[in-house]
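Comments concern the structure below.
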Amino acid sequence: MAEGPAATIATAAAVPPSLLSRSWATFLLLQFVCPAVQGVPRFSNVFSSQMVLQRGRPIQVWGFGGKSGKALEVTLNPGEAGSVTWTEAVAGDDGRWRAVLDAQPASLTGKPLNLTLAERGGKAPVEVLTDVVLGDVYLFSGQSNVDLPVSYVHQFNPAAEDAEERLAAKIGRTGMVRFMIVPARCGVNFNNGYIAAELAHVGECKPCPTPFGIDPRKKGRTNNCNLLGGHANNYSYCNCDSLRWTRATADNLRGFSALAWFTGRAIVESDVAKGVPLGLVRSSWGATNIAVWSGPDALAKCPQAGDPPSSFAPYVRSALYAHMIMPLKGLTFSAVVWFHGARNIGGPTPYMGGKYYSCALRAMIQEWREKLQLPSLPFLVVESPVYCNQQDYRTWHTWCNDKTSKLVEPDVHLPEMRLAQNEAEKLPGVYVVSTMDKGSLQKAMGGAIHSMGKRELGIRLAKAASKAVYHDEAMVWSGPRPRAIWRVGTDRLGICFETGNGQNLVLNKSARCPEVVLPVYCTGSTFEVKANGTWGAPLSIHTCGGAITLELAAEAARHATHVRYAWADWPVCSLYNTAKLPARLFNMPVTDVSNAVAMCPEGTAADVLVPGKVCDAASKAGKSTQAHQPISHKLGVSNSVKDGSNSSNTTPASQPPAILRVLRTMFGLTFLMAFVFIAAFIWARPTNSVPPVPGNNLIEWKSFARHFMQVIQRFLQDSIDACRSPARGVQLPDKSMDDYLLEPSTQTGESSLADSNETFTLSTDTPNSATKLMSLAGMAKKLPGSSGTSPRGKKETANTSPRGKKGSKRKGWLG
């Protein structure tokens, strides 16, 4: 894209005519007052002391203010003899200059460096940047879920916020984590698509006040680069919207992006890049449409008639691409983390809806890679979180345990957005990170759309970064991803999955909607099948290694055309891998078996293709993995079954004589009774609840026996209660992954260990959770199906239906 006036042709479509005269006037004014033409050489404001430059790559450095034709020298000096790196540049007629330093040796990573600019022959440097380090630089972009600060996450726990700030100060003193915030808001509202030469010239925010106490507006300690949230229950939060490079401190953490901090913290604590400093750059703006982050090339790939919906945030096409992304051109990044989508949720109107977003996101990624000259730049895309989408992009302060809704039946716009985000993985180097199993019922200040679960999200992003950036091939970073769906026999559908490094599928048949969430938001369905134009639930679901089968009525199986999973605002996530990561949502067509075999990962379709076989392999014998055999059967070819199981010529195993079976049973019962008595005695001793052994008096013996039976009864009851409510750290069968790391429980919305500040690692271990999650073996109750694609109600009729009573109608079907 051209710069300055040359951009007129390229961006004419992106700039409303009413703004052209104002933009030209601004441009001409800058030509007179900008230091770039005043003969005072300087670095671009992208550079500052305490910054992080990407290690292992050539380093571009640029700036303004040079005298035309005058040679400039750029030096990177670690203060060690023989280690100075320097290069030179010549200023152009407009005073701009650019130089490239060679990639630096790994031995300099993490060491403080000086970046110096001088005129050739000058007596002293004209600018010196100190405490510059080589490390890994991550760019975090999107909308308000990137903006939200760390203090937002800990809004219900002052002690946790204090501990987080102390941890940031500790890490910051080592120089291992550093921040930068690209100016946003601060009194400016970018309203054109001209590419800016550098970042907006505004001041920095003031350090955000402590979030607990009086309203910060009354403290007088903020400026127009601090965005203040509400104030309630002695709590308020504050965003910083402009910050030069700085080490992490307690003060600047309060206003810094929680998403960026928790991702960086997880990477540091995992030791996946031990000793490598992290630079975390936030370039985001809440309530923005993806069109403002897209350049002209991306917009041209997904043409729309009209303009994006107006907003209090910038809504001129390409505006933030031009002012908040392209001024960074020349820097190298390890990866981009993109958390966006809420502002584009809606029906098929211009620049809105899942279909448009699917095209726009991929086009934007391609253009950023091309224009930033980073063709292999990894993108970590965050899937839209769990919230209750009542008014599409206008959804704001709603919570999922509200008693009423403006919807009269389930809506599909949020699931469609999640599907569009997942389709970005069709591009190489794109990694979609899901947290749709982490719904929260806590009434956070910003509503359900602004999740407080950034810590868990940061851990999952760090896992994705381990694969994308640090090439850890053993890291399981994603849940199961579907590859193909096909018919099996007359009454089943098979679905194969890419589960990651040989992981098995784990089916949680006890997964249900929280009782307080209305059916318009959580339909209760997991897998749904479309047959004869109607969506409904299968009769039963079974896991088979890396695949599953859905049992249907023969008529439904014959006419099935599509299968979808987790298709709701608050999805019921019942399928995981043994790394405890949730399966992706999907909506896929049914294909024929030959296509499926070609599309499925090797071996995953083998068991499903065996005629008549129904398996729940992950729940048997506590197996965490299952060896896959080559596919040797096709539908209807043979009645034989692998390994002789259920084969007609298999003879039953010989049984022991009846007397031995009786003796074995008696011995087992005797042993069990003895164990119960001994365990009860040991259990009761600490409480002195076992009476002394009686003498020869028969009444004492009867009293002793009655008392001891009561002890046994209490012991058995306590044992049952312990099984129902295990201690923290024991995985419940119906829990999702890593609940000990996320503050809200999916089922109850109450805090767990969210506010612990213990360190953690991105372990590649895959403990056997199959037995735990499948211990509730047996057929799941018939899952209720939802209706088909349901538009929003024409009338804003309040839906006050508690779960299981009146409300959205559901069909129990396919049987």
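Quick notes on this structure:
- By accessible area, using a 1.4 Å probe on protein heavy atoms only, the stretch 188-337 has 50% of its surface on carbon and sulfur.
- Quotient of C-alpha Rg and 2.2 N^0.38 Å, computed over the stretch 292-423: 1.13
- Checking every one of the GluC sites (Glu not before Pro) in the stretch 494-577 against DSSP loop status and a limit of 15 other Cβ atoms within 10 Å picks out GLU515.
- Radius of gyration, Dmax [the stretch 468-541; alpha carbons; angstrom]: 16.4, 48
- Against the rule of thumb 2.2 N^0.38 Å, how large the Cα Rg of the stretch 235-337 comes out: 1.30
- Unsatisfied cross-links (Cα-Cα over 20 Å) in the set LYS355/LYS467; LYS301/LYS355; LYS463/LYS509; LYS111/LYS274; LYS467/LYS509; LYS70/LYS329: LYS355/LYS467; LYS463/LYS509; LYS467/LYS509; LYS70/LYS329
- Cα gyration tensor shape for the stretch 441-489, rounded if a/c is under 1.5, else prolate or oblate: oblate
- Karplus-based coupling profile of the stretch 340-345, in residue order and whole Hz: 7, x, 4, 6, 9, 6, with θ = phi - 60° in 6.51 cos²θ - 1.76 cosθ + 1.60 and x standing for Gly or Pro.
- Placed amide H near CYS238: partners under 5 Å, 5+ positions off or other chain: GLY229
- Accessible surface area normalised per residue over the stretch 299-359 is 32 Å², counting heavy atoms of protein chains with a 1.4 Å rolling probe.
- Apportionment of accessible area to carbon and sulfur, the stretch 48-178, percent (1.4 Å): 50 percent
- Base-10 log of normalised Debye intensity for the stretch 136-237 (one unit scatterer per alpha-carbon) at q = 0.13, 0.14, 0.24, 0.25 Å⁻¹: -0.60, -0.69, -1.48, -1.50
- Heavy-atom accessible area for TRP396, with the other protein chains in place and a 1.4 Å probe, reaches approximately 130 Å².
- Largest to smallest accessible area among ARG564, ARG96, ARG185, ARG173 [probe 1.4 Å]: ARG173, ARG96, ARG185, ARG564
- Accessible area (Å², 1.4 Å probe, nearest 10) - TYR321: 0 Å²
- Ranked by the mean number of other Cβ atoms within 10 Å per residue, highest first, peptides 416-422, 665-671, 40-46 order as 416-422, 40-46, 665-671.
- Proximity of backbone amide H atoms, modeled 1.01 Å from N, is registered between LEU53 and VAL133, LEU134, GLY135 at under 5 Å, excluding neighbours fewer than 5 places apart on the same chain.
- Heavy atoms of TYR521 accessible to a 1.4 Å probe, total area in Å² rounded to 10: 10 Å²
- Binned Cα-Cα distances of the stretch 424-525, short to long, each 10 Å bin given as a whole percent: 11, 30, 35, 20, 3, 0
The values are calculated or read from the model by the stated rules, or taken from the named source; none is laboratory data. Quick caveat, the model's predicted, so the values are computed rather than measured. FYI the Cβ positions are ideal-geometry reconstructions off the backbone, even for glycines, and counts take in every protein chain you see. Ligands, DNA and RNA are stripped out before the accessible areas are found, and what is left, the full protein with its side chains, is counted by its heavy atoms. Shrake-Rupley method; radii C 1.70, N 1.55, O 1.52, S 1.80 Å.
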